[in-house]
1. What FRET efficiency do you get for Thr217 and Arg162 if R0 is 30 Å and r is their Cβ-Cβ distance, rounded to the nearest 0.05?
2. Using Cα atoms only, what is the angle between the long axis of helix 38-53 and the major principal axis of the chain, expressed in degrees (0 to 90) to the nearest 10?
3. In the chain, if every C-alpha pair distance is counted and binned at 10 Å from zero, what percent goes to each bin?
4. Measure up Lys109/Lys147; Lys36/Lys213; Lys55/Lys153; Lys55/Lys222; Lys153/Lys222 against 26 Å on the Cα-Cα distance and list the ones that go over.
5. In terms of the Cα gyration tensor, with a ≥ b ≥ c the square roots of its eigenvalues, is the stretch 18-58 rounded because a/c is under 1.5, prolate because a/b exceeds b/c, or oblate?
6. Return the lysines within reach of Lys201: Cα separation strictly under 17 angstrom, same-chain partners fewer than 8 residues apart disregarded; answer none if there are no such residues.
7. Can you run phi through the Karplus equation (6.51, -1.76, 1.60; θ = phi - 60°) for the stretch 178-188 and list ³J(HN,Hα) in whole Hz, with x for Gly and Pro?
8. Once amide H atoms are placed 1.01 Å from N in the peptide plane, what residues at a sequence separation of 5 or more from Val61, or on another chain, have their amide H within under 5 Å of its amide H?
Amino acid sequence: MNEAIKDRLGGEAYSVQWLEDIAFFQFGDRPLFFSKDLEICNNLTDSFGQCAESKEIKVVVLKGFPEKVGSQEYDEFYRVAKEGRNHLDIHRMLNVFNQLILTIARLDKFVIFVESGRVISQFFNVSLVCDYRILGDNSVIEKEYLKHGLISKGGLALHLSRLMGRARALQLMLDEDDISAELALELVLLDEVVPVGELDKATWGAARLYAGKPVVTVSGTKRLLGYDLSTLSDYLDYENSEIVKILDKALSSRGAENGTGCQA
């Protein structure tokens, strides 16, 4: 299956290419805005479903757009959503990310996450349910949520608290500084940092390595490690409710200031 899915503006939302026993998902430069398009989201779910059902595919690679604008897209998405004075697009986006994360977590295939450049934490957080993570050495993980007075979306708090304890996780998530690829590797959030020009070579090498593992061993081990997926599902829903609570409070406060709502 080789296909490219376009958004309504003509940009590429994502493409899928199957090479030998590896499926490569290449995402476009506007993933937050693509989440507003139900047809694109359904197509993406179907693409993952085909990978899950395929007996040939052994490894799935998720690769971000190399020239993305980072937190600028996040800023624009929330600005447009707030101007509309309703949170329908935000609700949909949050639910789409929940579905994407849980779909990846449930895949029996070995999943590799590959990124470079400016990566907002919400996209990087998807990698936390993947099996192998590679960043280019030009990468920086941006904490876009701090600027907007929000909280991180995508399971970061859950994973970091398990990895490094509550106190260190709290410090890292509230620190204004972005996270470099080198620091992420030191924190064991990554498996490899490579020169950006060698990213494709490193990705292919890792994919071929894990495609050579026994299929039943990979799938069985993943099921053992992911036995508490219900916890992740409940946690992601709780994240959504907390984000919406913050936004509702802000909207209510603005309404009161303008004489159109009640004081929060």
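Every number in this text was worked out from the coordinates using simple rules, so none of it is lab data. Given the structure is predicted, the values throughout are model-derived calculations rather than measurements. Please note: Cβ atoms are built from the backbone with ideal geometry, for glycine as well, and neighbour counts cover all protein chains shown.
1. Efficiency for this residue pair is about 0.80.
2. 30 degrees
3. Using 10 Å bins, I get a P(r) of 6, 29, 37, 21, 5, 2, 0 for the chain.
4. Lys109/Lys147; Lys36/Lys213; Lys55/Lys153
5. On the way: a/c = 4.67, a/b = 1.87, b/c = 2.50.
It is oblate, given that a/c is not under 1.5 and a/b is not larger than b/c.
6. Excluding near neighbours in sequence, the set is Lys63.
7. Rounded to whole hertz, the list is 6, 9, 6, 4, 5, 5, 4, 5, 5, 7, 6.
8. It is Ala23, Phe24, Phe25, Ile112, by chain and number.
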